[in-house]
Amino acid sequence: MSEEPAVTPSWLTPDPTAWASGGGGPMDNSTGLGTFPSEDSLQPSQLPLLVNPWDIVLCSSGTLIACENALVVLVIWQNPALRAPMFLLIGSLALADLLAGLGLVLHFTCAYLLRSDSAQLLTVGLVVASFSASVFSLLAITIDRYLSLYYALTYNSERTAAFTYTMLVLLWGLSLCLGLLPVTGVNCLAEEVTCSVVRPLTKNNIAVLSVSFLLLFGLMLQLYVQICKIVMRHAHQIALQHHFLAATPHYVTTRKGVSTLAIILGTFAACWMPFTVYSLIADYTYPPLYTYATLVPATYNSVINPVIYAFRNQEIQKALWLVCCGCVPASVAHRARTPSDV
């Protein structure tokens with residue numbers, strides 16, 4: 001029977017000491033962290049276990065993501081008034097980010113305690129599925145916002161609800177399929193040369209994910225351009241009807257709404273684009289530091305999502321105040337919805 005290969009504590013670094021040496025090779029004695037016996041003479045359970053500080057950062061991000069989005073999921077779940085298609089999609093986004101945060105924490109725990117290939121594949125699959133569902137939910141929210149403006153008169157109908165449920169089933173089904181790929185054998189554990197910058201995902205696997213992201217980003221960009229055109233056209237029509245000037249409050253709030261859309265899209269691109277581009281051009285031979293430097297900002301998108309999509313919403317703000325304080329401030333209760341809330 002062949003001997004089981006040693007399990008890597010980190011999902012990004014073939015050598016757990018690579019972060020200390022700065023180049024992916026074994027640690028030398030000059031690091032001041034001690035000298036270890038040869039790894040060839042040790043069993044996997046006896047290998048020196050060093051905690052990669054970047055993994056600690058990812059675990060900390062996962063904890064923050066999980067706590068933040070758990071609050072959003074709890075509020076939407078417990079409030080019967082938050083059952084409109086918009087809130088279902090926001091809840092889907094929060095649930096996806098919650099699972100992504102839990103996946104990061106579980107991966108850190110399993111990698112450094114269990115050190116098992118099976119646990120590694122399961123947790124990586126959970127992270128891939130969750131972040132995929134998060135990105136797909138962002139696209140679904142963009143589609144919903146476009147439809148709510150383009151079909152304003154018929155938006156609140158059973159057809160819209162059915163379309164929303166269909167989008168939810170499709171996005172979660174596709175995300176689950178993507179997350180199952182590493183578990184069902186599409187991984188590089190058996191052949192290291194096929195690894196991508198994120199072990200144990202293969203180069204082809206992460207290339208598919210990256211290209212899919214670029215396509216989704218292009219679609220979101222096109223939808224947001226159309227949303228901006230609709231918002232500006234509505235504002236112009238209202239201005240003509242009431243003989244408003246460009247400096248009127250309605251025009252100002254409309255411009256604020258367009259700026260909000262730009263912030264949403266810009267934040268999404270700033271978080272995910274560096275990792276997406278890097279994963280397409282790099283492979284497992286590149287220094288792990290570059291992967292961490294691009295992956296950590298991508299996780300921050302799940303930290304920012306609740307602030308952009310949930311905590312700014314008037315109805316969710318009311319529900320949060322009721323849960324936390326048992327009352328709703330007058331400034332929140334009577335705030336009018338403006339174009340900046342689109």
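The values are calculated or read from the model by the stated rules, or taken from the named source; none is laboratory data. This is a predicted model, so every value here is computed, not measured. Neighbour counts are summed over all protein chains in view; Cβ atoms, including those assigned to glycine, are modelled from backbone coordinates with ideal geometry. Note: areas computed on protein heavy atoms with side chains; ligands, DNA, RNA excluded. Shrake-Rupley method; radii C 1.70, N 1.55, O 1.52, S 1.80 Å.
Observations on the structure shown:
- The residues of the range 100-128 that are under 10 Å from the mean Cα position of the chain (by Cα) and of a type in the set (A, V, I, L, M, F, W, C), listed by number, are ALA100, VAL127, VAL128.
- Scanning the range 152-170 for residues that are among the aromatic types (Phe, Trp, Tyr) and in a helix (DSSP H, G or I) gives PHE163, TYR165.
Let's see how each residue does on (1) modelled with pLDDT of 90 or more; (2) of a type in the set (D, E, K, R):
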position: THR260; (1), (2): no, no
position: CYS271; (1), (2): yes, no
position: TYR278; (1), (2): yes, no
position: THR285; (1), (2): no, no
position: THR294; (1), (2): yes, no
position: LYS318; (1), (2): no, yes
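- None of LEU171, LEU180 is of a type in the set (A, V, I, L, M, F, W, C) and open to solvent by less than 30 Å² (accessible area, probe 1.4 Å) except LEU171.
Let's see how each residue does on (1) surrounded by fewer than 19 Cβ atoms within 10 Å (Cβ to Cβ); (2) in a helix (DSSP H, G or I); (3) among the polar types (S, T, N, Q); (4) out of contact with any Asp or Glu (no Cβ under 6 Å at 6 or more places or on another chain):
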site: LEU64; (1), (2), (3), (4): yes, yes, no, yes
site: PHE87; (1), (2), (3), (4): no, yes, no, yes
site: GLY101; (1), (2), (3), (4): no, yes, no, yes
site: PHE108; (1), (2), (3), (4): no, yes, no, no
site: ALA111; (1), (2), (3), (4): no, yes, no, yes
site: THR123; (1), (2), (3), (4): no, yes, yes, yes
site: SER137; (1), (2), (3), (4): no, yes, yes, yes
